[in-house]
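Asker: My questions all concern the structure below.
Nothing in this text is a laboratory measurement; each read-out follows from the coordinates by a stated rule. Source: prediction; values computed, not measured.
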Ligand code: IMP
């Protein structure tokens, strides 16, 4: 049997890597990571939106590694904050800030906002780039509400403050398998899987 080609998942975020290992299970690629290849370069997220940043990361890492590469940019959009933090989600509240401190910062900003105005969504854009410079993207969205406090120990980032009305649970209260059925990343990954399956056949 022919050995499957390698697919680089271009992220150092352990939460994302855990999710992608499950979301891409069974795909006709052997998954590898930046740390697995010894790539330490950081690609600056200097684009003005998630799609531009995902494309920047995927194309840069595909060039560096010589492998088909998938990278995502994702973020939280809070309606009461005009869509913030959006592409700045990771650095919201500053560099070297823990997830808990970032969540507390966001909760403090929304202190006087009533429940019905706390609507928000997670958005993920995945870019898949080949070393010859071709790139395709896939997007996924997950709607919810920013709760008044933190709850749950699963997931990462803003998951403890992201309430899912249909499940009456925070994202951080879901198991990995449950999050991977409904999340923004799961929806984008379903589309990415189809793109990757076409690439694997070429
Ligand atoms: P980046 O995509 O690595 O730039 O980071 C996006 C940031 O958005 C993460 O560091 C988290 O703070 C947040 N984020 C993205 N996806 C999720 C998620 O699934 N759960 C919670 N927070 C997320």
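Asker: What percent do you get for the relative contact order of segment 83-202 when only Cα pairs under 8 Å and 6+ apart count?
Answerer: Details: 170 pairs, mean separation 26.6, N = 120.
Reported relative contact order: 22 percent.
Asker: Does anyone have the angle between helix 184-201 and the longest principal axis of the chain? Alpha-carbon axes, 0 to 90°, nearest 10?
Answerer: In the chain, helix 184-201 runs at an angle near 10 degrees to the longest axis.
Asker: Working from Cα positions, state the angle (0 to 90°, nearest 10) between the long axis of helix 50-65 and the longest principal axis of the chain.
Answerer: Taking the Cα atoms of the chain, the angle to 50-65 is about 30 degrees.
Asker: Turning to a different aspect of this structure: At what distance in angstrom do the alpha carbon centres of segment 41-71 and segment 1-23 lie from each other?
Answerer: Cα centroid of segment 41-71 versus Cα centroid of segment 1-23: 15 Å apart.
Asker: What is the distance in Å between the Cα centres of segment 98-122 and segment 169-201?
Answerer: Answer, in whole Å: 25.
Asker: Sticking with this structure for a sec: Which percent, nearest 5, of DSSP beta bridges in the chain are antiparallel?
Answerer: Working: 26 of 33 bridges.
The answer is about 80 percent antiparallel.
Asker: May I ask you to compute the full-extension gain from residue 37 to residue 107, defined as 0.36 nm times their residue separation minus their alpha-carbon distance, rounded to one decimal in nm?
Answerer: Details: separation 70, 0.36 × 70 = 25.20 nm, distance 3.81 nm.
My answer for the length gained is 21.4 nm.
Asker: Same structure again: Mind pulling the angle between the C-alpha long axis of helix 99-109 and the longest principal axis of the chain? Nearest 10 degrees, somewhere in 0 to 90.
Answerer: Roughly 40 degrees between the two axes.
Asker: For Cα pairs less than 8 Å apart in space and 6+ apart in sequence, what is the mean separation divided by the residue count of the chain, i.e. the relative contact order in percent?
Answerer: Working: 390 pairs, mean separation 40.2, N = 202.
For the chain, the relative contact order is 20 percent.
Asker: Per DSSP helix of 4 or more residues, -39500 (n - 2.57); summed, then divided by the residues of the chain. What does that give at 222 nm, rounded to the nearest 500? Please report the intermediate quantities before stating the final value.
Answerer: Details: 6 runs with 66 residues, N = 202.
Estimated from H runs of four or more residues: -10000 deg cm²/dmol.
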